[in-house]
Amino acid sequence: MAEVRDHPTPVRAGEELDLARLEPFLRNHFPEATGTLSVAQFPSGHSNLTYLVGLGDRQMVLRRPPFGSKVKTAHDMSREYRVLSKLHLVYPQAPKAILYCEDPSVLGSSFYLMERVQGIILRRDPPERMGISAEMARQLSEAFVDNLARLHCLDYTAIGLADLGKPEGYLDRQVKGWIERYHASRTHDLPEVERISVWLNERKPRETSATLIHNDYKYDNIVLDPTDITRIVGVLDWEMCTIGDPLTDLGTALAYWVDPQDPEELQRIRWGPTTLPGTLTRAELVRRYAQATGRDVSNMVFYRVLALFKVAVIIQQIYYRYHHGLTKDTRFASLPEVVKVALRAALRSAEDSSL
């Protein structure tokens, strides 16, 4: 199973940490940790940067904002640290936060450290030797949606996160905000944007009750037990967590979920192994979620369209940094095509009223 564990690699050029400043900071806070300082980088992900930091035998994960980011509010390290500090106590799948640093003299930005969650992360094509049967795939997809439903049933006030977001008007702000973010990071003229924007504004449903939401829930953000891949032991990347309409969270999961019958262009950008035989379809995920939570899911087409548009905008924001030379990560060069595919999928769903 070694190839499906999330292994760090050498740090990418331009994303190095200042070890001369980081090392004394770490040794001051962890005097019991002896041995050589080592730093590697987790290569996946396109937003906040994630590193594996070792002091001898002690391993920790360091999270910091991307270099050259234009969207400062999307990379609030203190907020992410606070969420994990409180959430881990009642939802152990959230990693345990260890230490927050707001002093920019250490790494040029705020950052935080958390415990490493070890396990299996499934990406688009798991190795055949994993032997994922149709029954395992079904149980895994059921665990995926059940775990999201469990998050949405938490009492965020009792946890101490009631001030994390403003649930009133959340959906209005989402529609308006993502349209504005697209135009702020636009590099090409894409006609689908205007059509989707009009559709979203005309079809906003009445909001449901607010819950704690992850906002980027997908297969490669969950960590699985190596001895039982149908058991979720971790959920990663809480940077966009807030209080809001839980159906937007389910919509995001649907936006990343490609069904076997979807067009070839969607298959090419599939984020996870959602087409394995036995896996629940998007429609089946929605039905199971409704059974677990009792929520009205009759407007889920709207939420998927909004989520696909959001995914397109997030990818566009990442490409904007590359386009303007703010990052040299060559993975980003092909992102405009991914933006177009996501927008076309959103428009098809809107026009066909289909999940």
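Bear in mind these aren't lab numbers, they're just calculated from the coordinates by the rules spelled out. Everything numeric here is computed off the predicted structure, so don't read it as measured data. Backbone-built Cβ (ideal geometry, glycine too); neighbour counts: all protein chains shown.
Let me know the whole percent of all Cα-Cα pairs from region 290-342 that are separated by more than 13 Å.
Details: 888 of 1378 pairs.
Within region 290-342, distances greater than 13 Å cover 64 percent of Cα pairs.
Diagonalising the gyration tensor over the Cα atoms of the chain and scaling each eigenvalue by 5 before taking the square root yields semi-axes of 32, 24, 21 Å, largest first.
Note on Asp172 and Gln291: the extension gain reaches 40.2 nm, defined as 0.36 nm multiplied by sequence separation minus the Cα-Cα distance. Once the C-beta distance of His88 and Ala333 is scaled by a Förster radius of 51 Å, the resulting FRET efficiency is 0.85 to the nearest 0.05. Amide H contacts for Val235 (H built 1.01 Å from N in the peptide plane; partners 5 or more residues away or on another chain; cut-off under 5 Å): Ala94, Val223.
Modelled spin-label separation between Leu99 and Ser133, with each label point placed 7 Å from Cα along the Cα-to-Cβ direction: 4.7 nm. Between Lys204 and Thr281, the FRET efficiency from the beta-carbon distance, with R0 = 25 Å, is close to 0.45.
Shown is the FRET efficiency for Thr187 and Arg268, computed with R0 = 30 Å from the Cβ-Cβ distance and rounded to the nearest 0.05: 0.90.
What are the GluC sites (Glu not before Pro) within region 254-339 that DSSP puts in a loop, where the Cβ has at most 11 other Cβ atoms within 10 Å? Mind showing how you got there, number by number?
Details: sites: Glu264, Glu265, Glu284, Glu337; in loops: none.
Passing sites in region 254-339 do not exist.
Each semi-axis of the equivalent ellipsoid for region 18-168 is √(5λ) with λ an eigenvalue of the Cα gyration tensor; in descending order they amount to 29, 23, 16 Å.
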